Amino acid sequence: MSGQRGRFATTIIAVSLLVGGGLIAPLPGIVAPAFADETQEVQQLVDRARIAFEGFLADPMMGANLRSVVMRAKAVLIYPQVLRGAFIFGGSGGTGALVARDEKTNTWGGPAFYTIGQFSFGFQAGADAAEVVLVALTERGLSAFLSTSSKLGADAAVTAGPIGGGAEAATANLSVDILSFSRTKGLYAGVSVNGAVVAVRGSLNQAYYNKDVSPSAILISRDVSNPRAAGLIEAVAKAASGK
């Protein structure tokens, strides 16, 4: 019995380290440990999201298609790192930055911050980490992002974005709500996000804007802004203009 209790305690410690270390993003109902300096963490996330997005655009297999899709996007959610943790149960997660277009002014704003998590996440290439970009093409897709928590495939139809081929041909007949693009170590990862839960990470929104603020206030009414997000917003705006 004492041996079993010891093994159980070791398991609990290991799982705590896995979640606390960021290997699995907190799912709704699971409270993650507070970070010592969330303001610094969230700015690093914004910078990494910009770098990841520019890496997708420079990728010869998906850059042209992603740019073509972003040109008619309502919002873009960028996860610079989604990790798979297979300790005890298969799971995965990451934290990303969402920017959205104001269609009246054709300007981009944000970001707001979101986790993504799913048990038995579909890493088709066997990778342990991937970069993921989710592009909302419809109002339903945007609404799913703006909600406190949504399940991809249930609250909004999601499918993998086109890889290779001519950009116009590959994106001509797309009618889904959200398209996903993924890479690992600079290569196509084929990560399936169907069934993944996307949830607002309110603590990071609060840290970045110094107040408790909703995604709608950040992205739609634009009650707040942060000049340090300029690099990320400019990168997405440039792609949306076809450059």
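Values in this text are rule-based calculations from the coordinates and carry no lab data. For clarity, every value in this text was computed on a predicted model and none was experimentally measured. All Cβ positions, even for glycine, are placed from backbone atoms using ideal geometry, and neighbour counts span all protein chains on display.
Using the Cβ of GLU41 as centre and a radius below 12 Å, the other residues enclosed give a net charge of -1, where K and R count +1 and D and E count -1. Straight-line reach from LYS185: taking Cα to Cα under 15 Å and skipping same-chain neighbours fewer than 8 places apart, the aspartates and glutamates in range are GLU54, ASP59, ASP128, GLU131. Of all aspartates and glutamates in the structure, those lying under 17 Å Cα to Cα from LYS104, and not within fewer than 8 positions of it along the same chain, are GLU139, ASP223.
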